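One structure below.
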């Protein structure tokens, strides 16, 4: 059986993001779409920002609840592309989506729906912050890339990526799908690939 491991190198330090977001939020509230384990929400709340969250996994939210201050952050569960949050809410100055989370929505239509819902929330003068890395197509071979992160006598740790670039046809260029996903796992000789989990 393969066992998946958390790789610290795949999880960026949340403090710079929390500091940046705290400056943008000013004295208002912040809403994180796909709050997950609260990697950014918890340090942001520790800076005095009133954070609320939308999450798709009750288990991940439970992990957030175990972190200092995590139990104080209200969270609604559901699909980040489909949860309609009506607004604008005057005290809400910031909506954010961090660490490539947008690419968990594989279809362009679902990404657009996420944007549309997020745009209804901030008060005038508020912000919608999106953090993501645009993949470099030159680093992919037929839409795939595999990197060996660690090789030992007992295991190999791989990081895999898939990239489906936007396609254009004729004069009316329209992206049909854009996705960039990453997973990582440790594979032993008899293992099947698993997905990595990171906080």
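By its C-alpha gyration tensor, with a ≥ b ≥ c as the square roots of the eigenvalues, how is region 31-131 shaped: rounded for a/c under 1.5, else prolate for a/b larger than b/c, else oblate?
oblate
Please report 133, 40, 75, 156 as a ranked list, fewest other C-beta atoms within 10 angstrom at the top and most at the bottom.
133, 156, 75, 40
How much length is gained if the chain between residue 140 and residue 47 is pulled fully straight, taking 0.36 nm per residue apart and subtracting their Cα-Cα distance, in nm to one decimal?
29.5 nm
Please compute the modelled spin-label separation between residue 156 and residue 59, points set 7 Å along Cα→Cβ, answer in nm with one decimal.
Using points 7 Å along Cα→Cβ, the separation is 2.7 nm.
Place a label point 7 angstrom from the Cα of residue 147 along the Cα-to-Cβ direction, then list the residues of region 98-117 whose backbone nitrogen is under 20 Å away.
98-104
Quick one: which of 137-150, 98-111 comes out on top by average Cβ neighbours within 10 Å, and what's the full order, highest first?
98-111, 137-150
Once fully extended, how much extra length lies between residue 77 and residue 108, figured as 0.36 nm per residue of separation less the alpha-carbon to alpha-carbon distance?
9.0 nm
FYI, it's all coordinate maths here, none of it is from the lab. All figures in this text were calculated on a predicted structure; none of them were measured in a lab. Quick reminder, even Gly has a Cβ in these numbers, built from the backbone with ideal geometry, and neighbours come from all protein chains shown.
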